[in-house]
Amino acid sequence: MGLLLCLQRQGLERVVLCPGSRSAPLALAAGGLAERGLLTLTTAIDERSSAFHALGMAAASGRAVAVITTSGTAVANLLPAAVEADRSALPLLLLTADRPQRLKNCGANQTVNQEDFLASVCRAFTTGPLDGLHRLSQTQLQALANQAWEQTLQHPGPVHLNLPFDEPLHPSSDDQQQAWSGWDCAVNQQRQLRRPPASAATRPSDGFDWSRPGVVVAGPWRGLEADKPAYQQALRALAECSGWPVLADQLAAIPADLPHLIRHWELLLPQCLPAAEAGLQVLRLGPLPASRRLESWLRSLGSGQLLISEAEPRCLDPLGLSRQCSSGLVAWWNAISTDACFSRSGSRALLTAWAEADAQVQRVLDQHLPAAGGVSEPALMKALPELLPQGMPLMLAASSPVRDWQTFAAADLGSRRCFSFRGASGIDGTLSLALGLARVQGPTVLICGDLALQHDSNGWLLASEASPPLLVLLIDNAGGGIFAQLPIASVASNALDQLFAMPQRHDPLALAAAHAVPARQLTRLEDLPSALEWGLAQQRTALLRVCTDRSADAELRRQLREITAAALLQSRGGTTEA
């Protein structure tokens, strides 16, 4: 009880509890604090799904969520979510119960080397006293909680506390009541959430000639939620002062009124953007967006690029073209903006040409992707922004949905918060993550494919109890649709299905119904507005399924790129340049 109460006073608000006997002291403490209104408690039986669910809540709230498990393989099941938390720089607190040292390495039941399971991806690992957590004084418990909480924030990511417990594990009701009476839980003394002070750093360098044209590439946001308003203010000021165009990932934390935004860069790159006469200076914010075309284009611009990360000390440049500043955009901008000599005239011609090309792409999409007829994935993505409620958060599953939203729903860029867990770019935990987002931020839409949804089918268990308001828009293309867009699509269709796409024989509507989740199927785009209205009106988890043809959609994507390039070429009356 003491450890959880100390963590709560540091800022812990939410706990996901998995069943177990060795973790009984933690479970009783979590239950007691939840009963007293000091914690929000979610219970779940699958540790893997639970950890992803906690990660979704952490992403939405910007603060660590704790996961409590028993000992043994329960701890191993936390690894996939810990990997994503590590690569996405999201705070996650993993509290695992363990046997005392006297039961280690002697064949005792459910006793393994769980101390090592998560070590490679965690920011920090701490163990309680090897003969039991009861050995710690209140002061020592407070110090342990303080250290763990600050470790989740300094460089946000997963932190593992392994806590040995000796018997007795299950106190009587009288013993529990006596324990609670000795703790002052009436006053919530929770500290305000803030990142611990960073060590002193050298003044960030500028290195740009602001009289020459340049471009800002804003990648996925990897900062704390509390830091986002200042980041957005600095980004807006940078764009206004420099006059540089901005190419932003849909996961970037850009403000809705960001000037000079080039929305359809994914369809313009690498050869349909007018080239700058004297080459481009490049400022990159955070990790690279998931775009091979963008990577190819950045390579063509050469070295000398500047990459600014939000307190991320690890290298974020797989292209090897940049120098990295880890102080964050706000600190960098505050350091250089006072003395910089800005001149927007140098970028005016380039910005105008790029904006005209951007508008031309939108006209092509309007013409060739009407919101009518059978459902194709590009047409679905283009139609959704106008039909979803303004500002409603959206989660995009890794693989095709996150790429298609960037390409065909670019008109929506900056108008809503988009999530996609691209740290490790896996489909693992998709549904559990989305339910975690919705549990914190309210009505949310998840767009995902059939394999991603089935891979995390245990996530439906989280939808059955106190169901979060999540609308799951399932794009069912009978397997992994992304493989039809890769070079391996040239293999025989039966081999593609068997070795890569792996279509599954199951009915997602029946699976949803088995978990008491309402579900419907959509066949035509004309029915999309009423179907979305139905799903959002459920005010709980619901499933909306659309079936598409992955081969036909892969060909449609190719055709749209060709049509876009031809239209831009015709409008210029000449050839395009890299």
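The values are calculated or read from the model by the stated rules, or taken from the named source; none is laboratory data. What you are looking at is a predicted structure, and each value in this text was computed from that prediction instead of being measured. No Cβ is skipped: glycine too gets one built from the backbone with ideal geometry, and neighbour counts run over all protein chains shown. These area figures cover heavy atoms from the full protein model, side chains too; ligands, DNA and RNA do not enter into them. Shrake-Rupley method; radii C 1.70, N 1.55, O 1.52, S 1.80 Å.
Of Leu413, Leu387, which residue is open to solvent by 10 Å² or more (accessible area, probe 1.4 Å) and closer than 21 Å to Arg293 by Cβ?
Result: Leu413 is the single residue among Leu413, Leu387 that is open to solvent by 10 Å² or more (accessible area, probe 1.4 Å) and closer than 21 Å to Arg293 by Cβ.
Quick one: is Gly304 over 19 Å from the mean Cα position of the chain (by Cα), surrounded by fewer than 19 Cβ atoms within 10 Å (Cβ to Cβ) and more than 26 Å from Gly157 (Cα to Cα)?
Considered against the rule, which asks whether it is over 19 Å from the mean Cα position of the chain (by Cα), surrounded by fewer than 19 Cβ atoms within 10 Å (Cβ to Cβ) and more than 26 Å from Gly157 (Cα to Cα), Gly304 comes out as yes.
Looking only at the stretch 221-265, count every residue that is part of a helix (DSSP H, G or I), under 25 Å from Glu356 (Cβ atoms) and either open to solvent by less than 10 Å² (accessible area, probe 1.4 Å) or among the aromatic types (Phe, Trp, Tyr) (or both) and tell me the total.
Total meeting the criteria: 5.
Would you please name the residue that is modelled with the lowest pLDDT, looking only at residues in the stretch 68-89 that are within 18 Å of the chain's Cα centre (by Cα) and of a type in the set (A, V, I, L, M, F, W, C)?
Ala89
Within the stretch 18-46, can you find the residues that are closer than 22 Å to Pro80 by Cβ and either surrounded by fewer than 21 Cβ atoms within 10 Å (Cβ to Cβ) or among the aromatic types (Phe, Trp, Tyr) (or both)?
Those that are closer than 22 Å to Pro80 by Cβ and either surrounded by fewer than 21 Cβ atoms within 10 Å (Cβ to Cβ) or among the aromatic types (Phe, Trp, Tyr) (or both): Pro19, Gly20, Thr43, Ile45, Asp46.
Out of the stretch 390-400, which residues are buried (at least 19 other Cβ atoms within 10 Å of the Cβ) and at pLDDT below 95?
Ala397, Ala398, Ser399, Ser400, listed by residue number.
Please work out which residue is modelled with the lowest pLDDT, limiting yourself to the stretch 456-490 and to residues that are among the polar types (S, T, N, Q) and either farther than 23 Å from Thr42 by Cβ or open to solvent by 40 Å² or more (accessible area, probe 1.4 Å) (or both).
The qualifying residue modelled with the lowest pLDDT is Ser490.
Looking at (1) touching a residue at least 40 places away in the same chain (Cβ under 8 Å); (2) outside any strand (DSSP E or B); (3) of a type outside the set (Lys, Arg), which is the one condition that is false for Gly37?
With respect to (1) touching a residue at least 40 places away in the same chain (Cβ under 8 Å); (2) outside any strand (DSSP E or B); (3) of a type outside the set (Lys, Arg), Gly37 is out only on (1).
Hey, could you check the stretch 438-455 for residues that are outside any strand (DSSP E or B), closer than 17 Å to Gln538 by Cα and in contact with a helix residue (DSSP H, G or I) (Cβ under 9 Å, 6 or more places away or on another chain) and say which is least open to solvent (accessible area, probe 1.4 Å)?
Ala438
In the set Ala59, Ala119, which member is within 21 Å of Gly286 (Cα to Cα) and in contact with a Phe, Trp or Tyr (Cβ under 7 Å, 6 or more places away or on another chain)?
Ala59
Please determine, by comparing only the residues of the stretch 501-528 that are open to solvent by less than 60 Å² (accessible area, probe 1.4 Å) and assigned to a helix (DSSP H, G or I), which one is farthest from Leu474 (Cα to Cα).
Looking at the filtered set, the residue picked out is Ala501.
State all residues of the stretch 307-330 that are small (Gly, Ala, Ser) and open to solvent by less than 20 Å² (accessible area, probe 1.4 Å); if no residue qualifies, say none.
Across the stretch 307-330, the qualifying residues are Ser309, Gly328.
Name the residues in the stretch 529-553 that are at pLDDT below 95, in a helix (DSSP H, G or I) and either open to solvent by less than 20 Å² (accessible area, probe 1.4 Å) or of a type in the set (S, T, N, Q) (or both), would you?
Across the stretch 529-553, the qualifying residues are Ser551, Asp553.
Just to be sure I understand the filter: pairs with C-beta atoms under 7 Å, separated by 6 or more residues or on different chains, first member in the stretch 1-17 and more than 15 Å from Leu92 (Cα to Cα) and open to solvent by 10 Å² or more (accessible area, probe 1.4 Å), second member at pLDDT 90 or above and among the aliphatic types (A, V, I, L, M). Which pairs pass?
Met1/Ala29
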